[in-house]
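Novice: Take a look at the following structure, please.
Please treat every number below as a calculation from the coordinates, not as lab data. Bear in mind the structure is a predicted one, so any value in this text is a computation, not a measurement. So basically every Cβ, Gly included, is an ideal-geometry build from the backbone, and we count neighbours across all protein chains shown.
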Amino acid sequence: MKKYFYYIPILAFLCIVLFFGRQLFLNEDPSHLPSALIDKKFPNIEFKKLELYKLLKVEEVFSHARPSIVNVWSSWCVPCKVEHPNLMLLKNKYGIRIYGINYKDNMQEAKKLLELSGNPFYSIGIDASGLASIDLGVYGVPETFILDGKGKIRYRHVGPILKDDLNNTILPILKKIDNND
């Protein structure tokens with residue numbers, strides 16, 4: 001019976017190796033989080049207004065005939081600040097309509113960020129409690145959803161939109177959706 005106890009550490013080590021090694025063999029992207037909302041209409045959520053900025057109304061999302069983006073952001077979020085220039089580029093260079101959902105933020109800080117860095121958003125809704133973001137399945141900020149011309153969610157991007165993401169993922173998806181609609 002005692003000689004079996006010598007194999008327990010070896011078996012435990014092999015289990016750990018298999019558990020962590022599986023990622024190497026499956027070729028899965030660990031940053032990809034599946035969404036139950038893919039190919040479903042954007043949820044009908046009501047937002048509060050960030051003063052001085054146009055209020056995000058879900059009817060706008062459904063009535064816009066071109067692909068658009070919904071971006072969940074906060075002024076306290078450092079990755080949100082990193083992606084901000086790329087959102088400005090999407091708006092100014094590519095003419096993409098971006099709807100913003102301001103997540104659990106101080107309204108004065110949110111306004112200050114938009115005044116200093118520019119406003120990439122067509123309209124903004126406030127999600128002070130975080131409940132609207134839960135309806136979207138948001139894990140944290142920033143998160144971005146690409147919508148088709150009918151308001152269906154086609155893609156979910158978790159984390160900041162970096163230059164590489166913009167060129168290799170976001171723009172090709174927007175172009176593909178625009179050509180298919």
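Novice: Helix-derived [θ] at 222 nm for the chain: sum -39500 (n - 2.57) over DSSP H runs of at least 4, divide by residue count, nearest 500? Before the final figure, lay out each step's value.
Specialist: Details: 7 runs with 71 residues, N = 181.
Taking each H run of at least 4 residues, the total per residue is -11500 deg cm²/dmol.
Novice: Which whole-Hz ³J(HN,Hα) couplings does the stretch 156-163 yield from phi under the Karplus relation 6.51 cos²θ - 1.76 cosθ + 1.60, θ = phi - 60°, glycine and proline marked x?
Specialist: Values, residue by residue: 10, 10, 9, x, x, 7, 8, 3 Hz.
Novice: Roughly what % antiparallel, to the nearest 5, for the DSSP beta bridges in the stretch 36-180? If you can, show how the numbers build up before the last one.
Specialist: Details: 12 of 24 bridges.
Antiparallel bridges: around 50 percent, rounded to the nearest 5.
Novice: Pick out, in residue order, every one of the chymotrypsin sites (Phe, Trp or Tyr not before Pro) in the stretch 121-181 that is DSSP loop and has at most 13 other C-beta atoms within 10 Å; say none if there are none.
Specialist: Values: sites: F121, Y122, Y139, F145, Y155; in loops: F121, Y122, Y139.
Hits after loop and neighbour filter: Y139.
Novice: I'm spelling it out carefully: the read-out is Cα extents along the principal axes in Å, the candidates are [x] 44, 34, 31; [y] 75, 40, 30; [z] 39, 39, 35, and one was derived from this structure. Which label?
Specialist: From the options [x] 44, 34, 31; [y] 75, 40, 30; [z] 39, 39, 35, the structure gives [y].
Novice: For the chain, which DSSP H helices look membrane-span-like by this rule: Cα extent along the axis of 18 Å or more and mean Kyte-Doolittle of at least 1.6? Each step should come with its number before you reach the end.
Specialist: Working: long enough: 8-26 (27 Å, 2.22); 78-92 (22 Å, -0.03).
Both cut-offs are met by 8-26.
Novice: Just to confirm my understanding: which cysteines in the chain have no other cysteine beta carbon less than 4.7 Å from their beta carbon?
Specialist: C15
Novice: What full-extension length gain, to one decimal in nm, is calculated for R66 and N44 as 0.36 nm per residue of separation minus the Cα-Cα distance? Can you show the working numbers first?
Specialist: Values: separation 22, 0.36 × 22 = 7.92 nm, distance 1.87 nm.
Full-extension gain reported as 6.0 nm.
Novice: Given H placed 1.01 Å from N in the peptide plane, which residues other than close sequence neighbours of S74 have an amide H under 5 Å from its amide H?
Specialist: Here the answer is Y103, since their amide H atoms fall under 5 Å of that of S74.
Novice: Under the definition of Cα pairs under 8 Å and six or more residues apart, what whole-number percent is the relative contact order of the chain? Before the final figure, lay out the partial values.
Specialist: Details: 270 pairs, mean separation 52.5, N = 181.
Computed value for the chain: 29 percent relative contact order.
Novice: Once fully extended, how much extra length lies between K175 and E51, figured as 0.36 nm per residue of separation less the alpha-carbon to alpha-carbon distance? Can you show the working numbers first?
Specialist: Values: separation 124, 0.36 × 124 = 44.64 nm, distance 3.29 nm.
Answer, rounded to one decimal: 41.3 nm.
Novice: Ordered by packing density, taken as the mean number of other Cβ atoms within 10 Å over each peptide's residues, highest first, how do 80-89, 5-14 rank? Mind showing how you got there, number by number?
Specialist: Numbers: 80-89: 19.2, 5-14: 9.4.
Highest-to-lowest ranking by the protection proxy: 80-89, 5-14.
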